[in-house]
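Some notes on the structure that comes next.
The values are calculated or read from the model by the stated rules, or taken from the named source; none is laboratory data. Quick caveat, the model's predicted, so the values are computed rather than measured. Here the Cβ positions follow ideal geometry from the backbone for every residue, glycine too, while neighbour counts run over all protein chains shown. Remember, those area values only see protein heavy atoms, side chains included, never the ligands or the DNA or RNA. Shrake-Rupley method; radii C 1.70, N 1.55, O 1.52, S 1.80 Å.
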Amino acid sequence: MSETTPTNKPQWAMVIDLDRCTGCEACVVACNVENNVATVGAEEAAKGRTINWIRIERYFEGEYPDVRVKFRPVMCQHCEEAPCEPVCPVYATYHTDEGLNAQVYNRCVGTRYCANNCPYTVRSFNFFDHVWDAPLQKAWNPEVSVRSRGVMEKCTFCVQRIKAGEAKAKDENRDVKDGDVTPACVQTCPTKAMYFGNIADPTSEVAKLSKSSRATKLLEDLGTKPKVIYLNEGE
Amino acid sequence: MQNDKATNEKINDDLLRPLRQTGWAWRVTVVVCAIFLLAAVAAFAYQLQRGIGVWGINRPVFWAFDITNFVFWIGISHAGTLISAILRVTGAEWRRPITRCAEAITVFALMIGGIFPIIHLGKPMLFYWLAPYPNERGLWPNFRSPLMWDFFAINAYFTGSLIYLYLPLIPDLALVRDKATGWRKTIYAKLSLGWRGTQRQWHALEKAVQVMAVIIIPVAVSVHTIVSWDFAMAIQPMWHSTMFGPYFVAGAIFSGIAALILAMAVIRKVFHLENYLQPIHFNNLGLLLLTLSLLWFYFTFAEYLTTWYGNEPHEKVVFQSKISGAFAPLFWTMVVCCFVIPMPILAIKKLRSISGTVIASLTVLVGMWLERFLIIVPTLSQPRLTFNWGSYRPTIFEITIAVGTVAYFILLYAVFTKLFPIIAVWEYKEGLTVSPLPHPHHDPAGATIATAE
């Protein structure tokens with residue numbers, strides 16, 4: 001079902017160069033800190049209830065000793081045709097005119113249908129209220145709401161940073177340009193494997209990289225039109 | 001004339017006996033069911049207080065027992081529609097003693113099925129946010145969501161079924177009113193809406209019942225089709241199937257008839273209604289169950305064969321896990337319960353007795369519950385990105401709630417049989433006067449009663 005409406009707003013997108021990813025998971029840590037992502041503890045994690053807005057998927061190819069490890073950072077793909085959006089009965093997840101797949105926590109009643117219909121399995125559910133061992137709650141980012149029990153959450157492309165970047169550009173009376181908005185994962189990546197920007201602007205780095213012959217999208221054949229572009233590994 | 005009057009009194013006496021006398025079996029059933037129901041309420045209270053994490057669901061298996069039970073109970077609710085409405089519309093005379101048993105199953109099964117989408121929410125207290133009403137959020141609900149279609153379909157079906165249960169109950173309520181005394185008389189008088197049995201009232205009632213019978217059939221079909229679309233509208237492997245609508249409707253009627261046969265067998269024994277619910281009724285319902293067992297097998301075979309032949313990698317993974325992988329024991333139990341056991345029992349005339357159909361019905365119910373579980377969990381536990389594969393194991397809370405709702409159903413049904421005649425008295429009597437053309441001796445129920453007197 002089509003969600004897109006014509007707009008002259010920025011269309012946020014990310015490019016991830018898999019050749020550069022070492023699987024260090026610094027992006028995961030940065031995301032957790034930036035977005036007040038709760039840690040659930042070992043017991044809950046063993047039940048498969050971790051909350052991750054970004055994860056490094058590890059795939060092993062070949063048999064020992066000829067083994068090759070592949071890493072792929074996966075977060076919400078912010079699909080243009082997001083399967084999670086039409087199935088939510090209360091509009092807790094919807095598409096913004098900036099191409100973001102937004103999640104409104106205080107609309108969510110927790111049917112979990114969105115997560116069941118996400119082919120990328122990037123949505124996390126708050127099965128319990130979280131306990132933040134003191135003094136960790138002092139590290140909360142005041143720009144990001146802390147989620148309560150019973151709601152779904154997922155990567156927002158650091159929407160708080162997007163809003164700040166757009167406000168700055170507006171103050172300076174210009175359009176957003178590369179560098180105005182840097183999500184926490186992109187900022188932290190030690191090998192500079194991640195890029196973020198306005199793909200509607202042909203001069204932006206993500207727009208240029210998205211035309212690379214190495215550019216692919218995850219499960220592209222489903223027609224979800226993801227906004228995360230992966231640059232495949234070369235030989 | 002004298003004989004007619006005696007028959008009339010005998011029927012009244014037999015069919016209203018459950019309202020007058022309470023046996024030990026009834027009391028034990030009610031107490032046991034109430035205990036299980038309380039346990040389920042306690043489990044839900046704990047879940048409310050602690051969070052839905054007390055269930056075994058996780059990422060990626062976000063739905064499991066909750067939605068399995070939901071689909072199962074909505075399926076059971078299809079007993080009433082098929083038997084009562086279709087048989088009424090087609091004028092099948094043998095339906096007469098079983099219509100009300102069936103209609104009551106529909107109403108109670110819907111009440112129980114409707115519990116699950118509410119209690120499975122992350123925030124159960126906010127379930128009413130699915131209703132379209134002017135609200136402080138300034139939002140209508142999302143009508144593109146299959147869950148919204150569920151909401152409206154189930155509400156429509158419940159309302160229709162309640163009316164369809166109530167209408168044919170009116171003359172019987174009046175009959176009870178005439179025989180009751182004290183406060184009971186007042187209540188039954190109110191419920192019977194001033195029924196006096198005039199020609200005009202009978203005409204209006206028959207018209208209304210006919211209209212409702214015709215309306216309720218497409219509503220019932222739409223309900224389980226929409227329930228199936230919760231899955232079919234999603235893009236997950238082995239959910240996104242065009243034939244889920246008819247597959248689910250057939251499965252629903254299948255399990256509904258099984259539930260009806262069980263209910264009838266219990267009623268027959270407990271209330272000594274052997275002269276009314278006769279082997280012929282179990283035989284006929286058994287034949288229907290046989291038809292649906294074959295239909296179920298055909299649908300399942302077609303669904304799995306096309307998946308296997310299509311060889312699409314993500315679908316194949318889910319397929320293989322059911323046929324020969326982690327879910328194989330459950331899958332083959334399902335096939336045995338839905339087909340291998342019931343089919344021969346129901347196909348061989350000698351075995352299609354009351355106890356035979358009861359055994360077949362029990363296995364069908366187990367099999368159909370497994371079918372719903374096997375549609376939900378294997379798909380969810382094996383998403384496309386293999387890094388996220390998971391598993392599922394129910395906790396004591398989910399099991400308690402599942403068992404408690406079964407108890408709740410039995411409890412509601414038991415109480416219903418105490419308050420209302422479970423066999424439609426007027427409809428049954430009417431059957432004795434009507435000679436079904438062109439074979440005047442074809443009504444076995446009526447014939448047997450006449451000779452028994």
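Quick notes
- Residue match in the stretch B:371-392 (condition: free of Cβ contacts under 8 Å to residues at least 40 places away in the same chain, open to solvent by less than 10 Å² (accessible area, probe 1.4 Å) and under 21 Å from the mean Cα position of the chain (by Cα)): no
- Restricting the search to helices (runs of 4 or more DSSP H) fully inside the stretch B:56-132 and requiring at least 3 residues that are touching a residue at least 24 places away in the same chain (Cβ under 8 Å) and more than 14 Å from chain A (Cβ to nearest Cβ) gives B:65-76, B:99-113.
- Across the stretch B:351-367, the qualifying residues are those that are part of a helix (DSSP H, G or I) and of a type in the set (A, V, I, L, M), and the one among them that is nearest to B:I280 (Cα to Cα) is B:I354.
- Positions within the stretch A:48-72 being more than 20 Å from A:A102 (Cα to Cα) and touching a residue at least 40 places away in the same chain (Cβ under 8 Å), in sequence order: A:R49, A:T50, A:V69, A:K70, A:F71, A:R72
- Single condition A:A134 does not satisfy, out of (1) small (G, A, S); (2) over 22 Å from A:M75 (Cβ atoms); (3) at pLDDT 95 or above: (3)
- Of all residues in the stretch B:180-196, those satisfying the criterion of being surrounded by 11 or more Cβ atoms within 10 Å (Cβ to Cβ) and not in a helix (DSSP H, G or I) are B:A180, B:S192, B:L193, B:W195.
- Which numbered condition A:N35 misses (of (1) within 22 Å of A:G165 (Cα to Cα); (2) open to solvent by 10 Å² or more (accessible area, probe 1.4 Å); (3) in contact with a Cys (Cβ under 9 Å, 6 or more places away or on another chain)): (2)
- Here A:A115 meets each of (1) within 23 Å of B:R50 (Cα to Cα); (2) open to solvent by 30 Å² or more (accessible area, probe 1.4 Å) with one exception, condition (2).
- Set side by side, the residues B:R59, B:R27, B:R50 differ, and just one is open to solvent by 30 Å² or more (accessible area, probe 1.4 Å) and under 29 Å from B:F248 (Cα atoms), which is B:R59.
- Cβ-Cβ distances below 7 Å connect no pair with a first residue in the stretch B:340-357 that is within 10 Å of B:L287 (Cα to Cα) and without any contact (Cβ under 8 Å) to a residue 12 or more places away in the chain, a second residue that is open to solvent by less than 30 Å² (accessible area, probe 1.4 Å) and part of a loop (DSSP other than H, G, I, E, B), and a separation of six or more residues or different chains.
- Inclusion of B:Y164 among residues that are among the aromatic types (F, W, Y) and crowded, with 21+ Cβ neighbours inside 10 Å is warranted.
- Flag if B:Q236 is of a type in the set (S, T, N, Q), more than 25 Å from the chain's Cα centre (by Cα) and outside any helix (DSSP H, G or I): yes
- A count restricted to the stretch A:129-174 and to residues that are within 14 Å of chain B (Cβ to nearest Cβ), surrounded by fewer than 17 Cβ atoms within 10 Å (Cβ to Cβ) and of a type in the set (D, E) stands at 1.
- When B:G23 is tested against (1) under 25 Å from the mean Cα position of the chain (by Cα); (2) small (G, A, S); (3) under 30 Å from B:W426 (Cα atoms), just one condition goes unmet, and that condition is (1).
- Of all residues making up the stretch B:94-115, the number that are under 15 Å from B:A213 (Cα atoms), open to solvent by 10 Å² or more (accessible area, probe 1.4 Å) and touching a Phe, Trp or Tyr at 6+ places or on another chain (Cβ under 7 Å): 1
- Take the conditions (1) under 18 Å from A:N117 (Cα atoms); (2) among the polar types (S, T, N, Q); (3) in a helix (DSSP H, G or I); B:S255 misses just one of them, which is (1).
- Top-ranked residue of the stretch B:133-146 - restricted to ones that are within 23 Å of B:H224 (Cα to Cα) and surrounded by fewer than 19 Cβ atoms within 10 Å (Cβ to Cβ), ranked as nearest to the other protein chains (Cβ to nearest Cβ): B:R144
- Which listed residue, of B:F301, B:F297, B:F331, is closer than 20 Å to B:T68 by Cβ and either exposed (fewer than 15 other Cβ atoms within 10 Å of the Cβ) or among the hydrophobic types (A, V, I, L, M, F, W, C) (or both): B:F331
- Condition broken by B:H314, with the remaining ones in (1) at pLDDT 95 or above; (2) more than 26 Å from the chain's Cα centre (by Cα) satisfied: (1)
- Test: B:S355 is more than 30 Å from the chain's Cα centre (by Cα), open to solvent by 30 Å² or more (accessible area, probe 1.4 Å) and more than 26 Å from A:L218 (Cβ to Cβ): no
- Per the listing A:R149, A:R161, the residue uniquely in contact with a Gly (Cβ under 7 Å, 6 or more places away or on another chain), of a type outside the set (A, V, I, L, M, F, W, C) and closer than 26 Å to A:R107 by Cβ is A:R149.
- Residue, surrounded by the fewest Cβ atoms within 10 Å (Cβ to Cβ), within the stretch A:175-204, restricted to residues that are among the aliphatic types (A, V, I, L, M) and within 16 Å of A:G99 (Cα to Cα): A:A200
- Pick from the stretch B:395-410, criterion within 14 Å of chain A (Cβ to nearest Cβ) and surrounded by 18 or more Cβ atoms within 10 Å (Cβ to Cβ), ranking: farthest from B:I118 (Cα to Cα): B:F397
- Residues located in the stretch B:228-246, provided they are farther than 17 Å from B:R144 by Cβ and among the β-branched types (V, I, T): B:T242
- Every residue from the stretch B:309-328 that is surrounded by 13 or more Cβ atoms within 10 Å (Cβ to Cβ) and either in contact with a Cys (Cβ under 7 Å, 6 or more places away or on another chain) or in a helix (DSSP H, G or I) (or both): B:H314, B:E315, B:K316, B:V317, B:V318, B:F319, B:Q320, B:S321, B:K322, B:I323, B:A328
- Among the conditions (1) in contact with a helix residue (DSSP H, G or I) (Cβ under 6 Å, 6 or more places away or on another chain); (2) farther than 21 Å from A:Y113 by Cβ, B:Y392 misses just one, which is (2).
- Cβ pairs under 7 Å, 6+ apart, first in the stretch B:213-229 and without any contact (Cβ under 8 Å) to a residue 24 or more places away in the chain, second surrounded by fewer than 21 Cβ atoms within 10 Å (Cβ to Cβ): B:S228/B:G245
- Filter result for B:L287 (surrounded by fewer than 17 Cβ atoms within 10 Å (Cβ to Cβ) and among the hydrophobic types (A, V, I, L, M, F, W, C)): yes
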